[in-house]
């Protein structure tokens, strides 16, 4: 998408030769006509040819907020919107646009069923929060596997999905909704045989396929992407929240090939052109609490608090590796579900404190690996104790850590890792007005570090002042922010 010289030459050539014809044609051709779809198909480039003109160049110049996001099942004051706005959340991911509810009969759209969604999108806009809207749910008439609404669409109905998305984008890309980011499905790399057929996640995966069904999903993107871009050239199309459940490099922890799904999208059955049909990759990362202060990890990725830290680091490296092999290194990444989990009820006394520490480590690590957004799951959902707020909206410690991390890191840019201190991990950031360091120990006992000077300020994850004597600082499991 950022091959600018090639795109500019092609665009100028096309404009000079065909602008009159296109303007004339636009009088008679509407986006939902099959003939217009064929027109869009005809300007798609071969894998090594020029990039189609309806693909916007936005990766380098698209306005980006901070990375701080949150998942909300209901974007409302009653569910914590005011508190999250106060904490500085810039993104909300909302899993709420269900195709099967709007188009129960092919070709007939019942937008009235989305009245509540429309209200929630307005609520987000009024708080200047960007919504990442998840689209999912295959209608019965379009299901590849009858009765499986979370599963794939029949190939001959890809165009119908494209038409639906075109109408949805035209409807919700403008005020008062202003949706720009569209996540196409949620965890499509989940096999339908392991989930309920109407799950809000999954389930395009095909266990028997070497690429786990990714190629078929990629074919769908290739059909619908032009419809979305014609409806709004600035719309951002996201590969749908990959679960990436485990890493096949560790056979003791991974016995299936789900991580091949992304490669399947890019290969697209050998065409190797999948990179042209999405703008960014959304994926999910969860770490599990290991029962002691500051201890966590994701065994399926052999990632722990000890090394390398939050699993977002390992998954981001893997995704960028795959993208680079298919000339798609320019695609941005968005972590659209992440949290520290404890699925033991009730969790032990140190879990909530560890979760607060994890918030600081997670967002610092996410900036370091260049996420466009990192979305904490969730505000009030009590699944595995991930919530930032209690049912009565009283804040948990992790909420305060989120608030202070947003205040301190906000638009910080990654400078480098801090690895020169024994048993201590951290990062250096440039915030414009000053440098920010964050440090924490991955050992069970505090580590003394000799700083190169005296920072202007030092605070813990909650914003409490930390004193420093003679440039010596004791670093434990609780992260410390240093402002220079």
(request) Identify, from the list 179, 195, the residue that is in contact (Cβ under 8 Å) with a residue 24 or more places away in the chain and within 17 Å of the chain's Cα centre (by Cα). (result) 179
(message) Here are the criteria: (1) farther than 30 Å from residue 387 by Cα; (2) at pLDDT below 95; (3) in contact with a helix residue (DSSP H, G or I) (Cβ under 8 Å, 6 or more places away or on another chain). Tell me which single one residue 255 does not satisfy.
(response) (3)
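With respect to residue 425, is the statement that it is out of contact with any helix residue (DSSP H, G or I) (no Cβ under 9 Å at 6 or more places or on another chain) and not in a helix (DSSP H, G or I) true? Write out each step before concluding.
Details: out of contact with any helix residue (DSSP H, G or I) (no Cβ under 9 Å at 6 or more places or on another chain): no; not in a helix (DSSP H, G or I): yes.
When the stated conditions are applied, residue 425 does not pass them.
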(request) Kindly check whether there is at least one residue in segment 249-266 that is in the same structural domain as residue 315 (by TED's automatic domain parsing), surrounded by 24 or more Cβ atoms within 10 Å (Cβ to Cβ) and either part of a loop (DSSP other than H, G, I, E, B) or free of Cβ contacts under 8 Å to residues at least 24 places away in the same chain (or both). (result) no
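The rows are residues; the columns are (1) surrounded by 19 or more Cβ atoms within 10 Å (Cβ to Cβ); (2) assigned by TED's automatic domain parsing to the domain that holds residue 334; (3) in contact with a strand residue (DSSP E or B) (Cβ under 6 Å, 6 or more places away or on another chain).
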| site | (1), (2), (3) |
| --- | --- |
| 397 | no, yes, no |
| 402 | yes, yes, no |
| 437 | yes, no, yes |
| 452 | no, no, no |
| 456 | no, no, yes |
(message) Go through segment 436-464 and report how many residues are more than 15 Å from residue 474 (Cβ to Cβ), touching a residue at least 60 places away in the same chain (Cβ under 8 Å) and not in a loop (DSSP other than H, G, I, E, B).
(response) 1
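Would you call residue 388 more than 25 Å from residue 449 (Cβ to Cβ), at pLDDT 95 or above and touching a strand residue (DSSP E or B) at 6+ places or on another chain (Cβ under 8 Å)?
Details: more than 25 Å from residue 449 (Cβ to Cβ): yes; at pLDDT 95 or above: yes; touching a strand residue (DSSP E or B) at 6+ places or on another chain (Cβ under 8 Å): yes.
The answer is yes for residue 388.
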(request) Have a look at 376, 383 and point out the one that is buried (at least 21 other Cβ atoms within 10 Å of the Cβ) and closer than 20 Å to residue 312 by Cβ. (result) 376
(request) Among the numbered conditions (1) more than 21 Å from residue 72 (Cβ to Cβ); (2) surrounded by fewer than 21 Cβ atoms within 10 Å (Cβ to Cβ), tell me where residue 152 comes up short. (result) (2)
(message) I'd like the residue in segment 129-148 that is assigned to a loop (DSSP other than H, G, I, E, B) and without any contact (Cβ under 8 Å) to a residue 24 or more places away in the chain and, out of all such residues, is nearest to residue 279 (Cα to Cα).
(response) 144
(request) Output the number of the condition that residue 474 fails; it satisfies all remaining conditions of (1) part of a loop (DSSP other than H, G, I, E, B); (2) farther than 18 Å from residue 359 by Cα. (result) (1)
(request) Output the residues belonging to segment 201-216 that are surrounded by fewer than 18 Cβ atoms within 10 Å (Cβ to Cβ) and either under 18 Å from the mean Cα position of the chain (by Cα) or more than 20 Å from residue 319 (Cβ to Cβ) (or both). (result) 207, 208
(message) On the basis of being within 21 Å of the chain's Cα centre (by Cα), assigned by TED's automatic domain parsing to the domain that holds residue 101, in contact (Cβ under 8 Å) with a residue 60 or more places away in the chain and not in a helix (DSSP H, G or I), does residue 228 make the cut?
(response) no
(message) Please go through (1) at pLDDT 95 or above; (2) outside any helix (DSSP H, G or I); (3) under 20 Å from the mean Cα position of the chain (by Cα) for residue 240 and return the number of the only condition it doesn't satisfy.
(response) (1)
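The values are calculated or read from the model by the stated rules, or taken from the named source; none is laboratory data. Note that the coordinates shown come from a computational prediction; the quantities given were computed from them, not determined experimentally. Note that we place each Cβ from the backbone using ideal geometry, even for glycine, and neighbour counts take in every protein chain shown.
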